[in-house]
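Structure first, commentary second.
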Amino acid sequence: MGIKEEVYEQIIEILKDAKFPINTMDELIAALPEGLDTTGRIGGAEVTAREAEGLITEKDFPLKDAKYVADLLIERAGL
């Protein structure tokens, strides 16, 4: 499995219990298991939600589902 697929699956897993749609950044942060300290792995590196926070802007809301969030983050991160 490639890095893009790994990241996609991690984001889906992290947001599995989130209630969608998510309408604000505060709602997104609250939906993360550990808030901004929620971590994922990209290759051998750990990345926190705090580090990825800048990839989503207020114009991206509402977030309709976890797949949309995963696609958005992967595209913006250039994966």
Filter result (surrounded by fewer than 17 Cβ atoms within 10 Å (Cβ to Cβ) and either among the β-branched types (Val, Ile, Thr) or over 16 Å from residue 66 (Cβ atoms) (or both)) within the stretch 1-24: 1, 2, 3, 12, 24
Out of all the residues in the stretch 5-25, which are in a helix (DSSP H, G or I) and within 13 Å of the chain's Cα centre (by Cα)? 6, 7, 8, 9, 10, 11, 12, 13, 14, 25
Expected single match for within 16 Å of residue 8 (Cβ to Cβ) and either of a type in the set (Val, Ile, Thr) or touching a helix residue (DSSP H, G or I) at 6+ places or on another chain (Cβ under 8 Å) (or both) among 22, 29, 42 is 42
Are any residues in the stretch 46-68 under 17 Å from residue 23 (Cβ atoms) and either assigned to a helix (DSSP H, G or I) or within 11 Å of the chain's Cα centre (by Cα) (or both), and if so, which ones? 53, 56, 58, 59, 60, 63, 65, 66, 68
Quick check on residue 66: is it closer than 12 Å to residue 12 by Cα, in contact with a helix residue (DSSP H, G or I) (Cβ under 6 Å, 6 or more places away or on another chain) and surrounded by 12 or more Cβ atoms within 10 Å (Cβ to Cβ)? yes
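All of the numbers you see were taken from the coordinates with simple rules; none came from a lab. These figures come from a predicted structure and were not determined experimentally. Cβ coordinates were reconstructed from backbone atoms using ideal geometry, including for glycine residues, and neighbour counts include every protein chain displayed.
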